[in-house]
Ligand code: GAL
Ligand code: MG
């Protein structure tokens, strides 16, 4: 490090420019964005850099250096500037374009030995991403400025470095700026150099850009943009290409037309490769066939000046009428919103991280990703091409807190166009990218139209969407959105629009089914409507991640990269927890709203994923008719050859029969009947047939034998069996009317409440329940009446809002006790969480085995993906550790269960009909009082809920509540069950 570098900053021209408060300045000295791959032969500058954190960008650089890892955010690397989470509101009060005076600024410095063999070459520095303003110096001399936190910035350093000598590269990263106001996405605020940094060298004659158009019919066009840093292009240069070993020649016709066109000067430097590939394997998300393309730029003597490698896919995307078509097919978009997130590194994600994200999504039936709300790490697009995803690529523009002002503010015009254009220039060659998005939640103004105009001219091959524009009218032809892409629109509104006769654009929700906590109710109903309504094509679930940051409880700091391995299955190791807003001592924050994904912060799947997998099933049981089981192929492009299957018959009496299944040959959209694989046994009670569908061979995203879906059909209904009373035994009930039983530590009482889910809280239900007093009603015994071996107990549950009369009739029956219950809810209690019984057991009953839906958690409006069968799960694993403790662990449609100790003692319960049951270590009140799991003390015994009715989950934390059919109405509820000792 030279002393010059330590001179006070303000003398520096880049600092003097104060670019952090100049929205018009989007860059200086930055090369145009391009799609040329520069990784081969590049020098990685990743690793530990000298680092210091200044209190403001114009504060003097000191002499005390620590170190920071690149790529990485400093907010999770032991500095005093910690992560902060806000949703809409900006974390500082200044209006755009101002930033606060206290403005953490990271100064990164390292020496680089510039290879001697780079002499005479053009040297380029690429900074993968830095937020929010990047200033670059080399040996104290200014090299460039960049904004746009989620895209790379390249700088030509040729004149600043000497090959064979050492250069000192300094990256100054200013956290808050005018740009922060248009990067106001709902996520953690960080600062740092978040993607890889590399240094590379090219010939002065180089490929400035390569644009590939590969059509479904095999038509290939590769446009090369050639530049020479010395000025005029040398005589005789030409390009060649190679597509999987087949040579591509320069398009002479293109050259001839250019030569004859007097508007085109020699300066143009454009050449085209053209070919028609016979028998091309088109690219789709189901069949992601890729071809290797190498583009070479030659000097006149044939030597290669520059090379760029691409993996390309042949496909078309277009909108015809109100349908979005891929290769002519109207495809369903089973999407998710994906942020670049990691619980240890924040915004920095590796190739392996992203691969794991996408592999998991494939396994759970997703075929689409919206890169909410900025261009993702470049690896995501390579993986989406390879594994098969349709991508809505979104520009890094969200001005949520000041949306209206900024959308028309000319000071931000450059930034809008720049961000959208740079994304398109980077990602245009990816077959996976099928739609461009102008950004998120930034109202709609002239700045959007300017950006849209640029995209439409530059890339007429893809549709454009923007929710803020679509909001002006789903069918409005004049807004900058080719797709009606609302967020959280009730499905009834979508259906009504599709049926209205006025729909003009495909309707694909950019966000729907908010996955905060125990959520995603009515997903199956939503998809039933989508699949049966022409004009509806799907949407993107909000969102993939729960953005919990792994935090040490003792000092409250992020665990950072040292936390590797300190979590499993969604649970943080002792002494750690998943931090959400407010956990780093910040006062301005939005709490647990950051935890709203379909996976936990460690990517452990939440139960909703099993629901989604089933809803997206490629092969389904359409119905059961006398000629057999009708199977349908619900894919768009693939047959069933890639799948294997097995039949499983589950009988209520515990028997399970299996048989190999032969899947019929079916084209997409076809169905056919196959014979019933079993002679249904005459006895055994209720019978369910499941088709266990797995991958027949290794897929890039799943080894052979991975479950793809579990479609199911009921072959026989349960037979009614009334318990037989026994005369000579009575049931013991104490003076309070409470059942006395050796295995119960708390007798069954009435429960009307659940620990509020995030949906219950944010949707207002939880407040109403507390106001009604459902969380702690006073139980008043009214009557205990004994007659002929039966004991009838009447109790009133007195809530401030109204009284619920509860009746329990206990009868000794063969093998145990019959409990018949009734509860009468007054009209005022017209929407309660549940009506049912709750009791607690002795310790040691650690295994739940049941016949009902499972094995994973299910609720009345999220029960399409949990097949009926015999399931067995340790009690400790039944509970789902949603980040903020809440109702969880429920199982839907339970007919009977046992709770047992290792020596097979325990209790058995048989319900009168399939009911919602939960067995956990927690009382509802305990869950409701805790903010984090480390505050919960699991009970040794079990807390058991048997619900006559349980309210659906809905998605009211951001979007529609559950539908009316899943509410628990007032009036009389009746249920009964028998309790037996094993
Ligand atoms: C949307 C927004 C997302 C996120 C979500 C709620 O309005 O686009 O970024 O805030 O709501 O979780
Ligand atoms: Mg927002």
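Per-structure values
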item: The chain: calculated mean residue ellipticity at 222 nm from DSSP helix runs of at least 4, using -39500 (n - 2.57); result: -3500 deg cm²/dmol
item: Rounded tilt (10° steps) of 523-532 against the dominant C-alpha axis of the chain; result: 70
item: P(r) of segment 23-111 over all Cα-Cα pairs, binned every 5 Å from zero, in whole percent; result: 3, 10, 14, 17, 19, 17, 13, 6, 1, 0
item: Whether segment 66-196 is rounded, prolate or oblate, judged on the alpha carbon gyration tensor where a/c under 1.5 counts as rounded; result: prolate
item: Global geometry of segment 359-514, whether rounded, prolate or oblate, following the gyration tensor of its Cα atoms and the 1.5 cut on a/c; result: oblate
item: Å³ per residue enclosed by the Cα convex hull of segment 548-594; result: 70
item: Cα pair distances exceeding 14 angstrom across segment 208-247, given as percent; result: 60
item: Once the Cα gyration tensor of the chain is diagonalised, semi-axes √(5λ) in Å; result: 57, 34, 24
item: Relative contact order, percent, segment 618-710 [alpha-carbon distance under 8 Å, six or more residues apart]; result: 30
item: On Cα atoms only, tilt of 378-387 relative to the major axis of the chain in degrees; result: 60
item: Ratio Rg/Rh, restricted to segment 252-362 and using Cα atoms, in which Rh is the Kirkwood radius; result: 1.09
item: Separation of alpha-carbon centers, segment 70-92 and segment 721-785, rounded to whole Å; result: 46
item: Centre separation in Å (Cα based) which lies between segment 334-399 and segment 944-974; result: 34
item: In degrees, nearest ten, helix 413-427 long axis to first principal axis of the chain (Cα); result: 80
item: For segment 431-480 and segment 545-614, distance of Cα centres in Å; result: 34
item: Segment 216-312: relative contact order as a whole-number percent, Cα under 8 Å and 6+ apart; result: 36
item: Projected area, mean over directions - segment 275-423, Cα convex hull, nm²; result: 14.1
item: Residue exposure sequence - 662, 699 - by fewest surrounding Cβ within 10 Å; result: 662, 699
item: Residues 20, 545, sorted so that the one with the fewest Cβ neighbours within 10 Å comes first; result: 545, 20
item: Translational diffusion of segment 216-312, µm² s⁻¹ [Kirkwood Rh, Cα pairs; Stokes-Einstein; 4 °C; 1.567 mPa s]; result: 88
item: Segment 828-982: translational diffusion in µm²/s, Stokes-Einstein, Kirkwood Rh over Cα pairs, 10 °C, 1.306 mPa s; result: 99
item: Global form of segment 824-912, assessed from the alpha-carbon gyration tensor, a/c cut-off 1.5; result: prolate
item: Mean projected area in nm² (Cα convex hull; one quarter of hull surface) for segment 618-710; result: 6.2
item: log₁₀ of I(q)/I(0) at q = 0.28 Å⁻¹ - segment 281-332, Debye sum with one point per alpha carbon; result: -1.01
item: Tail fraction, Cα-Cα pairs, segment 257-302, threshold 15 Å, whole percent; result: 68
item: Calculated log₁₀ intensity ratio I(q)/I(0) where the Debye formula runs over C-alpha points of segment 101-157, q = 0.17, 0.22, 0.28 Å⁻¹; result: -0.65, -0.99, -1.32
item: Cα-based equivalent ellipsoid of segment 436-535: semi-axis lengths in Å, sorted from largest, via gyration tensor; result: 26, 16, 11
item: Gain in span if fully extended, residue 588 to residue 244, counting 0.36 nm per residue against the direct Cα distance; result: 118.4 nm
item: In Å, descending, principal axis extents of the Cα set of segment 197-269; result: 41, 40, 19
item: Value of D in µm² per second that Stokes-Einstein yields for segment 359-402, Kirkwood Rh from Cα pairs, at 25 °C (0.890 mPa s); result: 216
item: Fewest-first ranking of 606, 780, using other Cβ atoms within 10 Å as the exposure measure; result: 780, 606
item: Segment 796-846: radius of gyration and largest Cα-Cα distance (Dmax), Å; result: 14.7, 41
item: The chain: relative contact order as a whole-number percent, Cα under 8 Å and 6+ apart; result: 9
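Taken together, the values in this text are just the output of simple stated rules run on the coordinates, not laboratory data. Please read all numbers here as calculations on a predicted model, not as lab measurements. Methodologically, a virtual Cβ is constructed for each residue, glycine included, from the backbone with ideal geometry; neighbour enumeration extends over all protein chains shown.
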